[in-house]
Amino acid sequence: NNQAAFQAQIHLWLREPDLARRNFVGLLNHAAPVYVWREEQPLRGSASARQQGDMPHISATSEMVRYLRHMLALEVDTELRLLQGIGDLELSSGEPFQIVASPTRFGRISLALEPEAGVGTWRLRFRRDRGPVPSSVELPLRLGGKLKFDAVNGAPFKVENGRVQVAPEAAAWTAVWR
């Protein structure tokens, strides 16, 4: 149903990324093969060019976009959790992820998660513009099943309770998983 993306965001908030992914992918599986809702636009080459269904599922589409942003950057009260929804499925394409100047309660943030060619390493570049300092900035200790956290460059950090805590006052830094 069109609430699956919303439910997926709740699972991210609860630190359940596998359930979040399962809900989100399940929602996409109900979309057309090109991951758009049939009611929004007819498929190219279909026998019928007219729209069908009860309405364009704009609410479902907007929740999809919000989920994608939240899997990269999720605000939970005074915390900023980064990459919480990134797993093997997302990494398997080898394609980078990026958000640019996304508004948060802590100021605009930009991040880019990119693979390093041929070495099996992923690097996150993070920048936060002026704004209130979050109480914590958190990264996962693992990205998917294979990549382990290696280091943060440009900011103090500590590993605590299976998570990486980056100094929240640091406005720009880079993290690496190998």
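With 0.36 nm allotted per residue and the present C-alpha distance subtracted, the Glu114-Leu19 stretch has 31.8 nm of extension available. Shown in residue order for segment 115-120 are the 3J(HN,Hα) couplings computed by the Karplus curve 6.51 cos²θ - 1.76 cosθ + 1.60 at θ = phi - 60°: x, 8, 4, x, 10, x Hz (x for Gly and Pro). On a per residue basis, segment 77-178 carries 50 Å² of accessible surface, using protein heavy atoms and a 1.4 Å probe.
Ranking Ala155, Gln84, Gly94 by how far each Cα lies toward the positive end of the dipole of segment 72-178 (charges on Cβ) leaves Ala155 at the top. Counting 0.36 nm for each residue step from Asn161 to Gln3 and taking away their Cα separation leaves a gain of 53.7 nm. Around the amide H of Val76, modelled in the peptide plane, lie the amide H atoms of Arg81, all under 5 Å away and 5 or more residues distant in sequence or on another chain.
Solvent-accessible area of segment 48-178 (1.4 angstrom probe, protein heavy atoms only): carbon and sulfur portion equals 53 percent.
The values are calculated or read from the model by the stated rules, or taken from the named source; none is laboratory data. Quantities reported herein were computed from a predicted structural model and do not represent experimental measurements. When we count neighbours, we look across all protein chains shown, and the Cβ atoms used for this are built from the backbone with ideal geometry, even at glycine. Just the protein is used for accessible areas: all its heavy atoms, side chains included, with ligands, DNA and RNA removed. Shrake-Rupley method; radii C 1.70, N 1.55, O 1.52, S 1.80 Å.
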